[in-house]
Every structure is written in C-alpha cells, then in structure tokens.
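The values are calculated or read from the model by the stated rules, or taken from the named source; none is laboratory data. Keep in mind that this is a model prediction, so the values were computed, not measured. Every residue, glycine as well, gets a Cβ built from its backbone with ideal geometry; the counts of neighbours run over all protein chains shown. Please note that ligands, DNA and RNA were not included when accessible areas were found on the heavy atoms of the full protein model with its side chains. Shrake-Rupley method; radii C 1.70, N 1.55, O 1.52, S 1.80 Å.
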Amino acid sequence: RLSTDRYERSRADIARFLGCREDDEVVFTRSTTDSLNLLAHALPPGTRVFVFETEHHAALLPWRRHGRDTTLLPAPRSPREAVAALDRALRTAPEGPRLVCVTGASNVTGELWPVAELTRVARRHGARTVLDAAQLVPHHPVDMAALDVDWVAFSGHKLYAPFGAGVLAGSPEWLRDAEP
C-alpha cells in the first residue's frame, strides 16, 4: 500500500509541476515517443494531424505509423510565420477532428515556440493540441492551463529521472475512448 500510495502521489506531483487542470490525467509511459504513440493510437477515426516539418522525429512519426492523415507545415522563419502557417492550414483543411502537434523548444536550435499563440489558432479552428515538451520542461516552467494545450508529453530522463520514464498528461477524453 505504501508503494501504491507513493506511486499515485507522484501523479499529483507531476500534475502540479505541469499546471494540469482539475480533470487532466497523468499517464506514465516510457518516453516522449511512447507518449505520442499512445496519443496517436487513441485519436478518433479521421483525425487530421498538423505538425511542422522541423519537429523531432518523436513528433513526426507516430501519426504516420498509426495511419493518420498528416499535414506537414513548412519550417517557419519566425514565430509569427509559424502562427500564420498553422492558421492557413487549419482554415483550408477538411472538416473533422484535428490535432496540432507542436514542440515547446527545438531540439536542434533551442528556439522557444509560441505555444500559447499556436494553441489559440488551433482552438479558433476547433483543433486540439499536444505539446512535445521534452526539451522545454528541463529549462522552463510548463503551465498546461495557461498554455491551454490538451496534452503534454515528455521524457523523464531530460529531468534526470531514470531512462524509461515518460509522461503523457492532459485530457482523458480521447484516451478513454481508445482501444487498449
């Protein structure tokens, strides 16, 4: 019981660390890649995924592996260009469920992405968002409620946890409806 209690309390600690909302859930996975694969598996049929071509492979590949329609957005030259490119893509996309996958910080350049602005554009077009926070969480606070993202994925080893520890935190809706 002691181990179970500590394990469950760790979910609450991570929820506080990420600024989760009251109904968000914390799911333990093996890594950022595993978290995004779990979400890709849980997407409703017909979901179109929007992702910038500059994303880490962990954010590029899961959608294709699970047969999701994926729109690769061109590498933006500025935060403003990223927001405009996403707005254009969502405005012209077919109706149906949509997911925007965006990084918090580039694994190549360290550039911080305008996550809150991208999320506002996604919401305006009825899309959900997942934040690949693998490179962000070790260096900057992440507040899911303030950013208004639906999910956050990261690997524990980026925060000096053991390898094989990851998190997918956020809305339980699509996850509960998925096949195990």
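Of note:
- Matching residues in the range 119-140 - criterion: being charged (D, E, K, R), in contact with a Phe, Trp or Tyr (Cβ under 9 Å, 6 or more places away or on another chain) and open to solvent by 20 Å² or more (accessible area, probe 1.4 Å): Arg128
- Checking each residue in the range 149-180 for being without any contact (Cβ under 8 Å) to a residue 60 or more places away in the chain and among the hydroxyl-bearing types (Ser, Thr, Tyr) picks out only Tyr160.
- Residue match in the range 64-73 (condition: in contact with a strand residue (DSSP E or B) (Cβ under 6 Å, 6 or more places away or on another chain), surrounded by 15 or more Cβ atoms within 10 Å (Cβ to Cβ) and of a type in the set (D, E, K, R)): yes
- Only listed residue being in contact (Cβ under 8 Å) with a residue 40 or more places away in the chain and either within 23 Å of Arg16 (Cβ to Cβ) or assigned to a helix (DSSP H, G or I) (or both), chosen from Ala84, Ala146: Ala146
- Within the range 101-118, restricting attention to residues that are farther than 16 Å from Arg48 by Cα and touching a helix residue (DSSP H, G or I) at 6+ places or on another chain (Cβ under 8 Å), the residue that is most open to solvent (accessible area, probe 1.4 Å) is Glu117.
- Applying a threshold of 6 Å to beta carbon distances and a minimum spacing of six or more residues, or different chains, the list of pairs starting in the range 12-31 at a residue that is open to solvent by less than 30 Å² (accessible area, probe 1.4 Å) and ending at one that is basic (Lys, Arg) reads Val26/Arg11.
- Scanning the range 32-49 for residues that are open to solvent by 50 Å² or more (accessible area, probe 1.4 Å) and assigned to a loop (DSSP other than H, G, I, E, B) yields a total of 2.
- The residues in the range 90-100 that are in contact (Cβ under 8 Å) with a residue 24 or more places away in the chain and exposed (fewer than 12 other Cβ atoms within 10 Å of the Cβ) can be counted, and the count is 2.
- Among the residues of the range 134-180, those that are over 18 Å from Ala105 (Cβ atoms) and in contact with a Pro (Cβ under 8 Å, 6 or more places away or on another chain) comprise Trp174, Asp177.
- Every residue from the range 1-11 that is open to solvent by less than 100 Å² (accessible area, probe 1.4 Å) and not β-branched (Val, Ile, Thr): Ser3, Asp5, Glu8, Ser10, Arg11
- Number of residues in the range 1-20 that are assigned to a loop (DSSP other than H, G, I, E, B) and under 15 Å from the mean Cα position of the chain (by Cα): the value is 2.
- Just one residue in the set Asp150, Asp143, Asp87 is at pLDDT 95 or above, farther than 22 Å from Pro62 by Cβ and open to solvent by less than 40 Å² (accessible area, probe 1.4 Å); that residue is Asp87.
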